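Read through the structure below, which is laid out as structure tokens, and then see the notes.
No lab work stands behind these numbers, since they all come straight from the coordinates. Everything numeric in this text was worked out from a predicted model, so none of it was measured. Don't worry about glycine lacking a Cβ; one is built from the backbone with ideal geometry, like all the others, and counts go over all protein chains shown.
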Amino acid sequence: MEKIILTVFLMTISLSMYSQIDNYLEPEKRSCMTLGVLQGGGSLVGADFETLLSNKFGVQIGAGLFGYGAGLNFHLKPSIRSSFFGLQYWHQGFGSSYAQSVLGPTYVYRGKKWFTAQIGLGYVLGYGPAWPSAAAKSPVILMYSIGAYFPL
């Protein structure tokens, strides 16, 4: 009888102690802002906004100094902080400063805290009046950027 009373007493204390613990978990962030060099459609300085539509699939839009872009992204893990493969469109320049439009696959590395870097190959869709006439017009170019990302 003493063992039963002792067991009930210990369970009651244990339950009352654990009921004081706050198990609140902050919900996983599903959107992200990226700032950096050649972000926002290959702009000199720009920003991209990405949001996850499902656990691993996201869309992004961006703009910056003389450019804009958009992309479809497939994350390697179900998190906005994970690295991903993307299909990116970059439009570099406006009006008489328009240089080129590019579409291609990229790989974006995201560090655990804030660092991000992107590399890929882009097919040139068109050249504009700002493209230097003496410069070669390659059908494929290297796409790259570096910056910092901030989950929202």
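Odds and ends about this structure:
- In terms of other Cβ atoms within 10 Å, 50, 2 run from fewest to most in the order 2, 50.
- Inter-label distance, nm, simple model (7 Å from Cα along the C-beta direction), residue 28/residue 112: 1.8
- Theoretical ellipticity at 222 nm over the chain - DSSP helices of four or more residues, -39500 (n - 2.57) apiece, nearest 500: -4000 deg cm²/dmol
- Isotropic mean projected area of the C-alpha convex hull, the chain (nm²): 11.8
- Taking 0.36 nm per residue of separation and subtracting the current Cα-Cα distance, fully stretching the chain between residue 53 and residue 130 would add 24.1 nm.
- Of 58, 122, 13, farthest towards positive along the dipole that unit charges on Lys, Arg, Asp, Glu beta carbons give the chain: 122
- Of all lysines in the structure, those lying under 28 Å Cα to Cα from residue 29, and not within fewer than 8 positions of it along the same chain, are 56, 77, 112, 113.
- As a proxy for reagent exposure, 11, 1, 33 were ordered by neighbouring Cβ count within 10 angstrom, fewest first; the result is 1, 11, 33.
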